[in-house]
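The values are calculated or read from the model by the stated rules, or taken from the named source; none is laboratory data. Treat the numbers as computed from the prediction; the structure is a model and nothing was measured. Cβ placement follows ideal geometry from the backbone for every residue including glycine, while neighbour counts extend to all protein chains displayed. Just the protein is used for accessible areas: all its heavy atoms, side chains included, with ligands, DNA and RNA removed. Shrake-Rupley method; radii C 1.70, N 1.55, O 1.52, S 1.80 Å.
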Amino acid sequence: MAFATPCGAGLPRRLLASSLLALSVTGCPSRDISSLDIHPAGEILKDVPLSTDIDILFMIDNSSSTTDKQTLFAANFPRFIQALDAFPNGRPNVHIGVVSSTVDIGVGGFDGCPHPSTNDDGIMQSMARVPGCTPPTGRYIVDVKDPSGGRMTNYSGTLASTFACIAQLGDLGCGFEAQLEAVKRALDGSHPENAGFLRPSAFLAVVILTDEDDCSVRDPAIFSLPEQQVGALDFRCQPMFSYTCDQPISPSGPGTYTNCFARTDSYLEDPNSFTQFLIDVKGGLSRVVVALIGGPPTKDIMTGQLVLPNITQPLALLPSCTTTIGGRTAVGRPGIRLNRFLTPFGGHGLFRTVCQSDYSQALADIGELLFTAVAPCLEGEVNTTDVEPSEPGLQLNCSVTDVLNVATPQQTETVIPRCPMTGPTTPSPSGPRPCWWVQSDPASCPTPTKLALRVERTSAPAPNTTERVRCIGL
């Protein structure tokens with residue numbers, strides 16, 4: 001049997017020490033935990049909440065080119081609700097907040113860029129934006145299950161109509177879009193107006209709708225640089241101090257630049273600092289999902305002047321995509337910094353182009369991404385080698401624990417042993433409880449493994465319990 005070995009028996013000292021350092025659990029580690037060697041492939045970690053709570057923050061670009069995209073996004077939002085309602089246990093317990101891309105950039109004198117800050121700057125937006133609509137009663141939407149099986153909400157009408165009521169933020173915002181800084185200020189506790197949105201045990205989802213790259217400023221001195229050195233308007237942000245390319249970017253003439261990447265040594269914040277912020281907020285990447293509907297990133301960028309009769313416009317970064325929305329041309333500019341922010345999330349990240357005439361599929365994909373993140377489906381490049389081929393069923397090199405009060409100072413973790421199996425899908429009735437096993441479930445699990453975690457219990461776990469799975473990766 002898999003658990004006949006006494007605690008630590010037969011293990012090399014190095015392996016045992018690394019396992020104990022990797023896990024702080026209540027009780028003696030089982031063979032499953034102790035066998036997790038820390039090697040270059042690393043481990044795949046997945047949290048499975050027993051109560052599906054998701055805090056969803058929408059960051060919506062409110063600069064001058066986004067009204068048509070906001071309208072389309074709000075109109076397609078019912079498709080996102082359909083995806084949430086398709087969860088196996090129905091709609092999860094959600095908080096939904098909306099923030100704009102406008103933040104206090106530290107200086108005044110720019111149209112649409114307030115200083116000192118006003119009602120943007122990461123403050124959640126909840127006023128009615130559509131004539132005749134009814135907003136929620138708080139700064140964010142609340143829609144959670146009540147003990148009787150119904151729903152407790154802070155809005156009337158439908159969830160989709162309430163979102164549409166508050167999400168169409170207009171196009172009078174700052175032209176220096178600070179999408180990532182706005183997300184951070186919404187969640188870092190600096191605004192008491194947003195209190196209560198983040199729940200300690202909830203998963204966090206951030207959805208960004210934008211048609212330009214991020215310009216989250218670290219040093220406001222960028223705005224006092226002379227135009228002849230850095231170009232006019234937002235050219236100083238994209239691309240002058242956003243990107244490093246194979247050749248220096250000219251502030252005065254058009255050009256094509258190749259092999260461009262996000263700069264981390266300029267007046268702007270490193271996008272990865274915002275990635276780390278979200279991971280720190282939730283105590284791990286496995287509890288965060290990020291989706292971006294934006295301009296396709298590209299290693300090659302172009303700048304140029306648009307010449308009209310008697311008018312020469314300043315240099316601008318040219319689009320990386322173009323489409324038609326409502327009979328009008330809509331564009332997206334390359335999101336190179338946003339891509340740097342998104343990439344570390346791996347399977348918990350999703351990109352869809354902003355240049356679409358219908359966002360319904362993109363919103364459905366975001367809903368599926370949320371389901372995958374919270375479902376008991378093993379994610380990532382899990383090593384699916386059967387470590388006990390003589391035993392019935394698939395025996396993976398994984399550990400499973402019950403984590404109580406995850407990501408709080410009161411967090412505790414208790415080992416769940418592997419189930420002895422009497423058949424490929426039949427745990428032994430005389431085995432320990434709780435215990436775990438894995439099952440092939442391609443119908444329910446869209447992940448590459450198609451494997452679902454099963455935990456057998458004889459009683460309900462404590463509230464705020466999360467099943468944490470650690471598996472050896474490829």
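Here are the numbers for the structure shown:
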| read-out | value |
| --- | --- |
| Tilt relative to the chain, helix 271-282 - C-alpha long axis, 0 to 90 degrees, to 10 | 40 |
| Cα coordinate range in the chain, projected on the principal axes (Å, largest first) | 86, 53, 38 |
| Rg over Rh, two decimals, the stretch 245-310 (C-alpha only, Kirkwood Rh) | 1.13 |
| Those residues of the stretch 377-392 whose amide nitrogen sits under 13 Å from the label point placed on residue 428, 7 Å along Cα→Cβ | 391-392 |
| Burial ranking of peptide ranges 346-356, 416-426 (average Cβ count within 10 Å, highest at the top) | 346-356, 416-426 |
| Carbon and sulfur %, accessible surface of the chain computed with the full protein complex present, 1.4 Å | 54 |
| Pairwise FRET efficiency - residue 193 versus residue 65, Cβ, R0 = 22 Å, nearest 0.05 | 0.20 |
| Cα-based Rg of the stretch 210-251 normalised by 2.2 N^0.38 Å, two decimals | 1.14 |
| Burial order of peptide ranges 225-234, 329-338 (average beta-carbon count within 10 Å, highest first) | 329-338, 225-234 |
| The stretch 383-432 versus the stretch 207-249: alpha-carbon centroid distance in Å | 50 |
| Accessible area of residue 240 in the full protein assembly, 1.4 Å probe (Å², nearest 10) | 20 |
| Dimensions (Å) - the stretch 43-198, Cα atoms, principal axes, largest first | 53, 45, 29 |
| Distance (nanometres) between label positions extended 7 Å along Cα→Cβ at residue 459 and residue 443 | 3.3 |
| Average accessible area per residue (Å²) across the chain - probe 1.4 Å, nucleic acids and ligands excluded | 42 |
